[in-house]
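Notes to accompany the following structure.
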Amino acid sequence: MPKSFISPRFHVLVPCAGLGSRAGTSVPKQYQTVAGRPMIMNTLQALAQVPQIADGFVVLAPDDGFVWPSAPHWPSNFVRLMCGGATRAQSVFNGLSAMMASGVSADDWVLVHDAARCLITPEAVAVLIETCRDDPVGGLLALPLPDTLKSHRLTVQGARVANTLPREDKWLAQTPQMFRVGALNTALAVAAASGFEGITDESSAMERQGLSPRLVPGSAQNLKVTYPADFAFAEAVLKGKV
């Protein structure tokens, strides 16, 4: 079949090689128990329920010892890539390289999702896919900034307000972030030359290429579990108490 008539597939890539030091947990936060199982398992189970997704790739640190081959709740169509880097951007770049080496087409879509966003819903991911599948660039889930935004200055008493910033055009970036495999790999390859400086997510790498990813409204529930209080909230949501 001619290449132009082959429908692109959708893959998930989950960087999972970080330490999550701000969470204050004794193990990397993605392995902290939430609702009876490691947080990463809640994340993967939600992603595995998205009907459009063909498979998933989870990027782990080379010396990761927390996820074992027979781990309960691990989706059968998700594979482990032991190629995590020192930064999130490096892990994603390494993961994309491994995906392409395994035969994933550069024209396919990849949805990069944070392991710590365990409250993502299959419905939200499906909306992102359907909204961006014909987009020339791709896009990401994001949330219009709801609160007044302040900049600060540091004093001997601590942080003080410097001024109030306009919020009308401000969004909070979330994940998944969805781009063509080859395009994202190229954008990250360029960023690698500067040690990924300033690359805080996949969209920022694409923006460096002069591209403008599409913003798809997400949900405040899709927070990145970062601080101790976030774990209690995530547990309550997953147990149906919120």
Notebook entry, point to check: For Thr226 and Arg214 in one chain, what is 0.36 nm times their gap in residues minus the Cα-Cα distance, to one decimal in nm?
Noted result: 1.8 nm
Check: What residues qualify as long-range amide H neighbours of Cys118, i.e. H under 5 Å apart, gap of 5 or more or another chain, H built at 1.01 Å from N?
Finding: Val225
Margin query: If you average the C-alpha positions of region 174-224 and of region 48-63 separately, how far apart do those two centres end up, in angstrom?
Written below: 18
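What percent antiparallel are the DSSP beta bridges of the chain, to the nearest 5?
If I count the DSSP bridges inside the chain, around 50 percent turn out antiparallel.
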Next item on the list: Tell me the label-point distance for the pair Ala159, Glu207, using the 7 Å Cα-to-Cβ offset, in nm and rounded to one decimal.
Entry: 1.9
Item checked: Rounded if a/c under 1.5, otherwise prolate or oblate - region 108-242, Cα gyration tensor axes -> oblate
Check: Expressed as a whole percent, how much of the Cα-Cα distance distribution for region 46-163 exceeds 19 Å?
Finding: 61
Notebook entry, point to check: What residues qualify as long-range amide H neighbours of Val12, i.e. H under 5 Å apart, gap of 5 or more or another chain, H built at 1.01 Å from N?
Noted result: Asp55, Gly56, Phe57, Leu111
Notebook entry, point to check: Out of region 84-186, which trypsin sites (Lys or Arg not before Pro) are coil in DSSP terms and have no more than 16 other C-beta atoms within 10 Å?
Noted result: Arg133, Arg167, Lys170
Checklist line | Separation in nanometres of the label points that stand 7 Å from Cα toward Cβ, at Gln49 and Ile6 | finding: 3.2
Checklist line | Rg/Rg_ref, the chain, where Rg_ref = 2.2 N^0.38 Å and atoms are Cα | finding: 1.03
Item checked: Full-stretch length increase - Glu123, Val79 - with 0.36 nm per residue and alpha-carbon distance subtracted -> 13.6 nm
Checklist line | For region 130-181, projected area of the alpha-carbon convex hull averaged over all directions, nm² | finding: 5.7
Item checked: Whichever aspartates and glutamates have a C-alpha closer than 14 Å to that of Lys150, once near sequence neighbours (fewer than 8 apart) are set aside -> Glu168
Check: Considering amide H positions built from the backbone, and no H for Pro or chain starts, which residues 5 or more places from Gln174, or on another chain, come under 5 Å of its amide H?
Finding: Leu141, Ala142, Leu143
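Every number in this text was worked out from the coordinates using simple rules, so none of it is lab data. Predicted model only: the values in this text are computed from it and were never measured. Cβ coordinates were reconstructed from backbone atoms using ideal geometry, including for glycine residues, and neighbour counts include every protein chain displayed.
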